[in-house]
Amino acid sequence: MALGAALLLSIAGCGGGGSNPLSNPPSVENPAAIGGRKLSFVYFQKCINPILLASLQINQGGVVSTNTCASSGCHDNSTGTGGALRVVQSAQPVDLANPANTPDAVRASDMYKNFYSSQGSAVIGTPLQSRLLTKPLTLNVLHGGGVVFADQSDANARRIAYWISRPMPQGQDEFSSAADSMFTPADPATGACNSL
Ligand code: HEM
């Protein structure tokens, strides 16, 4: 008994938190993630979505053919077999100058589904760790769709790398006007897509 009492007292002495060493440990704090930066929506819809719809030469195990990333059997939203990357082929560009296209309205659009799925296949700020780039390059990974971009100097690969490497500033959302500088001239409506 004396030994038991001494043991309990010593456990209390080891910082068991509350007075009862056998009580539950303090609850684990799990603060909400607030740090995530966003990629640009306007650069996506003008410069990246067209790549997902383009007819590209692909090489699957030496068999060369032409296909689109968004096609059925590949990344089509309903009939694709392409894992988590899903593309709505019929998604229309959203007119961001139209005041009716509020952030909530844009986030309900098909184009936003393509943006969100593509952003989900990226490690924001780090293109060479992003499946959206490494898969079509087969860079240290296999790809069900084979080699789509011959190497990192491919124009489409450079655009995808540019988009992922330039997230919007901390605290700003995917519609930030900071994206203007991703175009030349710096106007998404008239400017050409910059790339790496
Ligand atoms: C620019 C074009 C393409 C891009 C950016 C792309 C990107 C990707 C990405 C990011 C994944 C991984 C998805 C996950 O994390 O679950 C993936 C997987 C896959 N892709 Fe593609 N892909 C492209 C073209 C294609 C094409 C043309 C085909 C079909 C011929 C295809 C077939 C597949 C399949 C079957 C998978 C699942 C197996 C795997 O993980 O490799 N892809 N692709």
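The values are calculated or read from the model by the stated rules, or taken from the named source; none is laboratory data. Note that the structure is predicted; figures quoted are calculated from it, not measured. Every residue, glycine among them, receives a Cβ derived from its backbone with ideal geometry; neighbour counts consider all protein chains shown. What goes into the accessible areas is simple: the full protein's heavy atoms, side chains included, and nothing from ligands, DNA or RNA. Shrake-Rupley method; radii C 1.70, N 1.55, O 1.52, S 1.80 Å.
Structure data summary
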quantity	calculated
The chain - percent relative contact order, Cα under 8 Å, separation 6 or more	21 percent
For region 43-121 and region 125-157, distance of Cα centres in Å	16 Å
In Å, descending, principal axis extents of the Cα set of region 90-137	37, 23, 15
More than 19 Å apart - percent of Cα-Cα pairs taken over region 86-188	52 percent
Förster-model FRET efficiency, 35 Å R0, residue 196 and residue 100, C-beta, rounded to 0.05	0.50
Nonlocal amide H pairs with residue 183, under 5 Å, H built at 1.01 Å	194
Carbon and sulfur %, accessible surface of region 72-137 computed with the full protein complex present, 1.4 Å	53 percent
Computed magnitude of the charge dipole of the chain (debye, nearest 20; Cβ of K, R +1, Cβ of D, E -1)	280 debye
Probe 1.4 Å, accessible area per residue of region 37-193, Å²	49 Å²
Range of Cα positions in the chain per principal axis (Å), largest first	82, 48, 31
Mean projected area in nm² (Cα convex hull; one quarter of hull surface) for region 27-132	9.8 nm²
